[in-house]
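**Student:** Okay, here's the structure, questions in a sec.
The values are calculated or read from the model by the stated rules, or taken from the named source; none is laboratory data. Please read all numbers here as calculations on a predicted model, not as lab measurements. A quick note on method: Cβ atoms are made from the backbone with ideal geometry, for glycine too, and the neighbour counts reach across all protein chains shown.
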Amino acid sequence: MTVFLVIIALALLAVTGWQLSKIFELSKGPGADSTQIANDNDNRKQARYMLWFMIFIYVGMAYSFWKWSKLYLPEAASDHGSQVDTLMFISIAIIMIVQVLTQALLHWFAYKYQGKKGNKALFFADNDKLEFIWTIIPVITLAGLIIYGLFTWSDIMNIDEDSDPIVIEIYAKQFSWQARYAGEDNTLGKANVRFIEGRNNVGLDESDPYGEDDKITTVLHLPVNKPVLFKFRSQDVLHSAYFPHFRAQMNVVPGMVTQFGFSPTITTEEMRDSEYMVDKVQTINEIRKDNSEKLRAEGEMPLDPYEFDYFIACNKICGEAHYNMQMKIIVETEEEYNAWLSEQSTFGEFMDN
């Protein structure tokens, strides 16, 4: 009923506006120009508007860069991350140069060549030289970006198995992640959603000896400067494993295994101590402090102080709790990683308990 009343109100508002426009037309004097064809005065106004709008665009653009550039992600924490960042900034630079030039020319030409009575536009059929220039330059630019991107993509996707990377499966389900570490043999056991039963909530094949020493966790620990091969599997719907600080992302597709790999280069503690992150955490905690005071005044629990952690997020809209589908990542020294991993129960021990 409320929606119906809103529709009626909007319809009445539209009719009112239309009637007011008719009254405005009738109220004009007998000498008013009622033609619908633009005259020189109209063209001069529109030409000035184009210049003012160009200034508005560039002022807004400059303000946006000044205001929001601080929200860029910090330094990439993986070996390939700097290549991804370089590719992104090159793309942004090219887009900005083209955008500034073309918008400036568009608005300036609209002003300079505004319509005037008696002027006649020049018919210009074609120009082979100009068409060649504006075709070949984008082709060369895009080819360079694509080739550069392919080399970066290859670094992420084609992992050198001879480097003996740590093999970890990232298992997705609505709405959480689990990590499965290959055991001493560095080989993951077979798994399938058909094997999910009871405590076996990731679907490992209990008859496969390679799965006996696998270790399943809800927090992802990674050793710094060691290559890691990630394999992704989904229990239900399409998810996307997004590692923002490591500049990596992969779709997690039901019924198949996808993969990529990288070497973490900055530990969690090192990232927490970076100037960028210290300032960011301080700003967030100031906001949380203000919000906590409001919550206390309303008799609710205050917010906990924020502390930075790497995380995996789901970058596909996979359901109602998609926004909260995250898993904490801890990047640490190899000694700390080995000590933590040795404390985790194997799949065989877990099923026997």
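**Student:** For the stretch 68-80, give me the residue count where each residue is under 26 Å from ASN158 (Cα atoms) and either among the basic types (Lys, Arg) or in contact with a strand residue (DSSP E or B) (Cβ under 8 Å, 6 or more places away or on another chain) (or both).
**Tutor:** Summing the residues that are under 26 Å from ASN158 (Cα atoms) and either among the basic types (Lys, Arg) or in contact with a strand residue (DSSP E or B) (Cβ under 8 Å, 6 or more places away or on another chain) (or both) in the stretch 68-80 gives 4.
**Student:** OK, next. Taking the options THR333, THR265, name whichever one is assigned by TED's automatic domain parsing to the domain that holds GLU184 and either in contact with a Cys (Cβ under 8 Å, 6 or more places away or on another chain) or surrounded by 15 or more Cβ atoms within 10 Å (Cβ to Cβ) (or both).
**Tutor:** THR265
**Student:** Given the structure, is GLY118 in a loop (DSSP other than H, G, I, E, B) and of a type in the set (Gly, Ala, Ser)?
**Tutor:** So GLY118 passes the test.
**Student:** Still on this model: Would you point out which residue out of ALA104, ALA125, ALA93, ALA76 is outside any helix (DSSP H, G or I) and exposed (fewer than 14 other Cβ atoms within 10 Å of the Cβ)?
**Tutor:** That would be ALA125, the only listed residue that is outside any helix (DSSP H, G or I) and exposed (fewer than 14 other Cβ atoms within 10 Å of the Cβ).
**Student:** Consider the stretch 153-193. How many of its residues are within 30 Å of the chain's Cα centre (by Cα) and assigned to a strand (DSSP E or B)?
**Tutor:** 14
**Student:** Would you point out the residue of the stretch 79-88, among those that are of a type outside the set (A, V, I, L, M) and within 15 Å of the chain's Cα centre (by Cα), that is surrounded by the most Cβ atoms within 10 Å (Cβ to Cβ)?
**Tutor:** Going through the qualifying residues, I end up with GLY81.
**Student:** Is there a residue being out of contact with any Lys or Arg (no Cβ under 9 Å at 6 or more places or on another chain) and touching a residue at least 12 places away in the same chain (Cβ under 8 Å) anywhere in the stretch 294-310?
**Tutor:** No - not one qualifying residue is present in the stretch 294-310.
**Student:** Consider the stretch 275-302. How many of its residues are surrounded by 15 or more Cβ atoms within 10 Å (Cβ to Cβ) and either of a type outside the set (Val, Ile, Thr) or in the same structural domain as LEU220 (by TED's automatic domain parsing) (or both)?
**Tutor:** Total satisfying the criteria: 5.
**Student:** Let me ask another. Got a sec? Which of SER69, SER64 is at pLDDT 90 or above and either of a type outside the set (Phe, Trp, Tyr) or part of a helix (DSSP H, G or I) (or both)?
**Tutor:** Residue meeting the stated conditions: SER64.
**Student:** Tell me which of these SER163 doesn't satisfy, since it passes every other one: (1) surrounded by 12 or more Cβ atoms within 10 Å (Cβ to Cβ); (2) touching a residue at least 40 places away in the same chain (Cβ under 8 Å).
**Tutor:** Of (1) surrounded by 12 or more Cβ atoms within 10 Å (Cβ to Cβ); (2) touching a residue at least 40 places away in the same chain (Cβ under 8 Å), only one is false for SER163: (1).
**Student:** What are the residues in the stretch 190-209 that are buried (at least 16 other Cβ atoms within 10 Å of the Cβ) and either of a type in the set (A, V, I, L, M, F, W, C) or closer than 24 Å to GLU334 by Cα (or both), if any?
**Tutor:** ALA191, PHE195, VAL202, LEU204
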